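A.B. asks: Okay, handing you the structure first.
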């Protein structure tokens with residue numbers, strides 16, 4: 001059996017999708033060497049992985065992309081931050097390779113320096129993307145602002161023109177730094193655009209599936225959608241949950257602060273007089289700023305599964321993991337995207353008819369209440385998405401594809 005080394009970015013929303021895949025590989029007899037965020041190391045060790053923490057300096061790079069109002073500006077700022085992290089995560093992965101001599105590498109789509117080191121290593125290598133990657137795809141809108149798919153020949157032509165303009169702007173502004181990173185951490189030659197950067201991995205696994213994700217005919221076989229793979233940690237029973245009678249509306253924000261707690265403030269106000277209990281999760285240090293209504297409960301982050309099992313709707317910032325978790329359980333969603341890939345998640349939810357998108361500019365109690373009522377009528381779309389996610393293959397398919405990369409090397 002093989003020694004598989006996995007390297008994640010410092011985010012729970014990335015570590016847990018990795019964990020689901022790694023557990024499946026471990027059950028097949030492979031040994032797992034994991035480097036991830038420090039807060040999750042003990043939990044990962046309890047799963048049986050040989051885990052330790054990434055370079056702590058990586059997590060100290062503060063992300064402020066959410067302060068940018070325009071999606072392109074936010075994406076470019078993210079690029080700067082991932083390059084800064086890459087100068088550290090590249091050498092960090094190299095130290096793991098030198099010490100442990102793994103047979104195969106798994107890197108997080110957001111660890112750009114580690115990806116460059118993996119490319120240089122010559123080892124079997126796969127990239128794992130827990131969200132829709134920033135890849136071009138014929139017939140679909142450019143990644144970033146969450147544009148709805150175009151209709152008709154004129155709309156598709158305009159969409160293609162906008163896509164080229166966005167790509168040209170992003171390439172001109174971002175690629176010098178990305179190519180500089182590739183050269184500095186791994187001595188690799190420059191690439192023409194970000195699409196080429198992401199496609200350097202022999203295979204990329206994307207943890208979503210149709211019909212929530214668009215049908216990308218030009219992705220396969222190199223880029224494979226495998227469906228959700230996320231593992232959820234066990235937790236003590238939520239005694240207070242048993243005391244709640246009637247339907248629940250779950251409100252979620254990002255696990256790392258992105259300024260999106262306005263979603264909670266508006267949600268508890270919007271639903272204050274509805275026959276539901278509102279349960280909202282907020283990051284440590286975030287404050288509601290006023291006493292919540294009698295039918296609302298504000299808590300820190302808890303496993304969402306038990307709450308979703310009782311929920312009739314979820315209001316969310318649009319993180320891919322939690323959105324899919326709700327839809328897998330056939331819970332419709334209202335997505336209020338705040339930044340990063342959330343605009344694209346919202347667009348896909350709307351396109352699939354599995355919920356409602358509400359922009360942050362229109363986030364008022366009246367509009368949010370209307371969005372919740374409309375989302376609860378999205379039964380057919382929610383059922384279709386749930387069926388697609390459950391049929392995709394998940395961690396088992398991901399493990400099959402990883403083992404296929406190992407077999408390729410053995411055959412060589």
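A.B. asks: Extension gain residue 262-residue 55, at 0.36 nm per residue separation less the Cα-Cα distance, in nm?
C.D. replies: The span from residue 262 to residue 55 would gain 71.2 nm if fully extended.
A.B. asks: Round to the nearest 10 and give me the degree value, 0 to 90, for the angle of helix 112-121's Cα axis relative to the longest principal axis of the chain.
C.D. replies: Tilt of helix 112-121: around 30 degrees.
A.B. asks: Per 0.36 nm of contour for each residue apart, how much would the distance between residue 373 and residue 46 grow if the chain were fully extended, relative to their Cα-Cα spacing?
C.D. replies: Gain on stretching residue 373 to residue 46: 113.5 nm.
A.B. asks: Okay, moving on. Can you list the residues of the range 319-359 with backbone N under 14 Å from a point 7 Å past the Cα of residue 380, pointing along Cα to Cβ?
C.D. replies: 352-355
A.B. asks: Modelling each spin label as a point 7 Å along the Cα-to-Cβ direction, I'd like the residue 407/residue 218 distance in nm, to one decimal.
C.D. replies: Between residue 407 and residue 218, the label points sit 3.0 nm apart.
A.B. asks: Using per-residue counts of other Cβ atoms within 10 Å, averaged over each peptide, order 313-322, 128-137, 390-399 from highest down.
C.D. replies: Result, highest mean first: 313-322, 128-137, 390-399.
A.B. asks: Tell me the angle of helix 365-375 to the major Cα principal axis of the chain, expressed in degrees between 0 and 90 and rounded to the nearest ten.
C.D. replies: The helix 365-375 is inclined about 70 degrees to the chain.
A.B. asks: Oh, and also: Fully extended, how many nm does the chain gain between residue 62 and residue 287 (0.36 nm per residue separation, minus their Cα-Cα distance)?
C.D. replies: Net length gain for the segment: 79.0 nm.
A.B. asks: Neighbour counts of other C-beta atoms within 10 Å: give me 50, 59 arranged from fewest to most.
C.D. replies: 50, 59
A.B. asks: Taking 41 Å as R0, compute the FRET efficiency from the Cβ-Cβ separation of residue 184 and residue 400 and round it to 0.05.
C.D. replies: 0.70
A.B. asks: Round to the nearest 10 and give me the degree value, 0 to 90, for the angle of helix 394-411's Cα axis relative to the longest principal axis of the chain.
C.D. replies: Once rounded, the angle reads 10 degrees.
A.B. asks: Continuing with the same structure: Label residue 243 and residue 39 with points 7 Å out from Cα along Cα→Cβ: what is the distance between them in nm?
C.D. replies: In this crude spin-label approximation the distance works out to 2.6 nm.
A.B. asks: Could you rank the peptides 10-17, 371-378 by their average count of other C-beta atoms within 10 Å per residue, with the highest value first?
C.D. replies: 10-17, 371-378
A.B. asks: So how do 77, 35 line up by other beta-carbon neighbours within 10 Å, fewest first?
C.D. replies: 77, 35
FYI, it's all coordinate maths here, none of it is from the lab. Since we're looking at a predicted model, the values are computed, not measured. As a convention, Cβ positions derive from the backbone with ideal geometry for all residues, glycine included, and neighbour counts pool all protein chains shown.
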